[in-house]
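Here's the structure we're looking at; comments come further down.
The values are calculated or read from the model by the stated rules, or taken from the named source; none is laboratory data. Worth saying up front: this structure is predicted, and the values here are computed from it rather than measured. Here the Cβ is made from the backbone with ideal geometry for all residues, glycine too, and neighbour counts use every protein chain on show. Please note that ligands, DNA and RNA were not included when accessible areas were found on the heavy atoms of the full protein model with its side chains. Shrake-Rupley method; radii C 1.70, N 1.55, O 1.52, S 1.80 Å.
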Amino acid sequence: MGIFHGVTSRNVCELLYEIHGNDFKFTGIDLFSKESISENEHVPITTFSNPLKTIYYNYIIRLDPYTQKSVFNLLKKFEKNINIIKGNSNVILKKITDKFDYVFLDGGHKYETVKQDLNNLTRVIREGGIVLCDDYNLTYAPGVKKAIDEFVLKYDFNLQILNSRFAEITK
């Protein structure tokens, strides 16, 4: 959840392809809209430090890299394996009937957003499944850590911190 410009999604799909060939499914959820971001939400930097990427997006393919169309373009190689959903994860997760083995959570960074995402994930993650949360220990977004710590305690899930950045939660 939280696709941003799709680079991490592409990397995950590449890894899944290496492991499983074409026998994998990837579902991504994102707002794909700066207008839908709630007040006081941490918004990542949306400019590239590499000027060639800026030229590529602005003048060659002429796409905003943070749009659903741009992400589909980046993931075109995996079009038969992916399901990219535009919308609020807290609404979408309540409608999903599939069960997932693995979820990468890198959406909103506000305490309430993370808390709601985690609570909604309990319905869609398989027994023995893994939720990997990015940005666990961000000083400018302490709500992420607080929501994860409370969630793990409340549901008695296992928590492992990886590289001080990621929180791996297992049922």
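Restricting attention to the chain, close to 45% of DSSP beta bridges with both partner residues there are antiparallel. Taking a straight Cα-Cα cut-off under 22 Å and skipping sequence neighbours fewer than 8 places away in the same chain, the lysines within cross-link reach of Lys110 are Lys34, Lys86, Lys94, Lys145, Lys146, Lys154.
Between exposed GluC sites (Glu not before Pro) in the chain, where DSSP calls loop and at most 11 other Cβ atoms lie within 10 Å, what's the longest gap? It runs 80-171. Compute, for Arg126, the solvent-accessible surface of its heavy atoms (probe 1.4 Å) with the complete set of protein chains present, and express it in square angstrom to the nearest 10. The accessible area comes out at roughly 110 Å².
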